[in-house]
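The next block holds one structure in the form of structure tokens; read it before the comments.
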């Protein structure tokens, strides 16, 4: 079930520049003060669709369509963890929809991505649990159409 209401009280960092709670979302980008900013969702990895050196990965188009449906043109709230930008200059963010839905978690919960645990983050265990439930329920990329059903350890992006 999607998280509703305000974000949990955790040690998150909100940059005062982005303190205004809502920005307009595009797929993998947001408009902040009229400027497009690339966003990397913290703790989420989805199959590749736009990597310049890789083909479109299995279930990537479905994951992109889901994310687009969830956020494109909508107002969202960004929250940050211990680091605000990655080495590529992208914002590292938790994204919340106006209704309180926690997008990062929802993508994993519905099987459109999996927990990216290479670097520690506030919701790591919660995201791992969501991925485990999605695999057990065989939803999204873990289901019949998705084709992944490996038991045991979490599948990482490098293994897909």
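If r is the Cβ-Cβ distance from residue 87 to residue 58 and R0 is 25 Å, what FRET efficiency results, to the nearest 0.05? Kindly include the intermediate steps, with their values, before the conclusion.
On the way: r = 27 Å, r/R0 = 1.08.
The calculated FRET efficiency here is 0.40.
Can you give me the distance in nm between label points at residue 75 and residue 35, each placed 7 Å from the Cα along the Cα-to-Cβ direction?
Modelled inter-label distance: 2.2 nm.
What percent does the relative contact order of the range 82-145 come to when contacts are Cα pairs within less than 8 Å and at least six residues apart? Show your work: numbers first, answer last.
Details: 58 pairs, mean separation 15.7, N = 64.
After rounding, I find 25 percent.
Exposure proxy check: 75, 141, 41, 97 ranked by fewest other beta carbons within 10 Å? Provide the component values of the computation, followed by the final result.
Values: 75 13, 141 27, 41 22, 97 19.
With the fewest neighbours first, 75, 141, 41, 97 line up as 75, 97, 41, 141.
Hey, how many Å between the Cα centroid of the range 105-137 and the Cα centroid of the range 62-80?
17
Each reported figure results from applying straightforward, stated rules to the coordinates on display, with no laboratory input. All of these numbers come straight from a predicted model, not from anything done at the bench. Virtual Cβ from ideal backbone geometry, glycine too; neighbours counted across all protein chains shown.
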